[in-house]
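The values are calculated or read from the model by the stated rules, or taken from the named source; none is laboratory data. In this text, all values refer to a predicted model and were calculated from it rather than measured experimentally. Heads up, the Cβs are rebuilt from the backbone with ideal geometry, glycines too, and the neighbour counts pull from every protein chain shown. When the accessible area is computed, the model is the full protein with side chains, heavy atoms only, and any ligands, DNA or RNA have been set aside. Shrake-Rupley method; radii C 1.70, N 1.55, O 1.52, S 1.80 Å.
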Amino acid sequence: MVLTIAGFDPSSGAGVTADIKTIAAHGCYGVACITAMTVQSTAGVRRVDPCDPALIADTLQELAADVKIAAVHIGMLGSGKVAKAVAEFLAKKKLTNVVLDPILKSTSGSALLDRDGTRILASDLLPLASVVTPNVDEAAVLTGLPVTGLEQMRAAATKLHQMGAESVVVTGGHLDKAIDLLSFQTKRGVEQEVFKSERQRSNSTHGTGCAFATAMACHLALDRGLPEAVLLAKAYVSAAISKGHSLGKGVGPVHHLYRMQQQRRPGSPVPETEPVH
């Protein structure tokens, strides 16, 4: 069971509806709490209306009382009050495998979290997360450091650890080379691994950050280690981009459910049903 706490994107390229698709693609069952309603399409975000924090708190409490949550994905929060409600829930329930995707702005430049929310995310949510997955721009905002290359990604990860982050994945999909840096604390101290791949030239990249963080939550729910979760999530996003939907007048979405179209080879056995996580 994977819980996603995120906004609603009517185009379903990102947000809770995209997260549910990603969760299903990984053989898990998804439940959701919507933090904000948006008016957006592939052309960009036009409006953001955060939900009532009391409604969010009640929704999260109801879900946690009913089902066993194996992992949590936190995406767009929308406001400081919403961020506070989510932080209080996590602090009380002490859930494991919490993946925090610190969404601050949309690709089109619209603000998706206010100043108070950014402060609460850094001070309250960051220490509660198992892993935080900022892109280079988000890492720069959270740390106050320039982040334009691998060495600066390393410095930002170190600063995020100092701010309370247990593990960090700084994603570099916006760079010329698609470099992701995993930085995590062990008994021997902080260890780092670099994941490299060629950047794909595609106009179907809406929702890549959401898909990556949600896929990581699924792999952690399935008891995979952090390095393996990063590697598999990165491969999933790359394939989803390559098979992305060319639709709309702006940036098209990745294809979260591309595996459904992959045909089985003749004579291959039908896979057995796996338990729901």
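When only residues in segment 86-112 that are closer than 16 Å to residue 208 by Cα and among the hydroxyl-bearing types (Ser, Thr, Tyr) count, which is least open to solvent (accessible area, probe 1.4 Å)?
106
Of the residues that sit in segment 249-262 and are in a loop (DSSP other than H, G, I, E, B) and open to solvent by 70 Å² or more (accessible area, probe 1.4 Å), which one is nearest to residue 197 (Cα to Cα)?
The selected residue is 262.
Please enumerate the residues belonging to segment 87-111 that are in a helix (DSSP H, G or I) and either in contact (Cβ under 8 Å) with a residue 40 or more places away in the chain or polar (S, T, N, Q) (or both).
The answer is 87, and nothing else.
Before we move on, is residue 132 at pLDDT 95 or above, of a type outside the set (Ser, Thr, Tyr) and under 17 Å from residue 220 (Cβ atoms)?
yes
Working carefully through the options 194, 169, find the one that is open to solvent by 50 Å² or more (accessible area, probe 1.4 Å) and of a type in the set (A, V, I, L, M).
Every option except 194 fails the conditions.
Does at least one position in segment 246-268 carry a residue that is modelled with pLDDT of 90 or more, more than 26 Å from residue 44 (Cβ to Cβ), touching a Gly at 6+ places or on another chain (Cβ under 9 Å) and not charged (D, E, K, R)?
no
For residues that are β-branched (Val, Ile, Thr), within 25 Å of residue 81 (Cα to Cα) and in a helix (DSSP H, G or I), tally how many sit in segment 4-37.
3
What residue, among those in segment 197-216 that are within 21 Å of residue 4 (Cβ to Cβ) and of a type outside the set (A, V, I, L, M, F, W, C), is surrounded by the most Cβ atoms within 10 Å (Cβ to Cβ)?
214
Testing residue 231 on (1) under 20 Å from the mean Cα position of the chain (by Cα); (2) modelled with pLDDT of 85 or more; (3) open to solvent by less than 30 Å² (accessible area, probe 1.4 Å), one condition comes back false. Which one is that?
With respect to (1) under 20 Å from the mean Cα position of the chain (by Cα); (2) modelled with pLDDT of 85 or more; (3) open to solvent by less than 30 Å² (accessible area, probe 1.4 Å), residue 231 is out only on (3).
Residues being among the β-branched types (Val, Ile, Thr), more than 17 Å from the chain's Cα centre (by Cα) and crowded, with 19+ Cβ neighbours inside 10 Å: count how many of those fall in segment 1-41.
So the answer is 1.
Which pairs do you get when a residue that is under 30 Å from residue 251 (Cβ atoms), found in segment 186-201, comes within reach of a residue that is open to solvent by less than 60 Å² (accessible area, probe 1.4 Å) and part of a strand (DSSP E or B), reach meaning Cβ atoms under 6 angstrom, with the pair 6+ apart or on two chains?
193/182; 194/181; 195/180; 196/179; 197/178; 199/178
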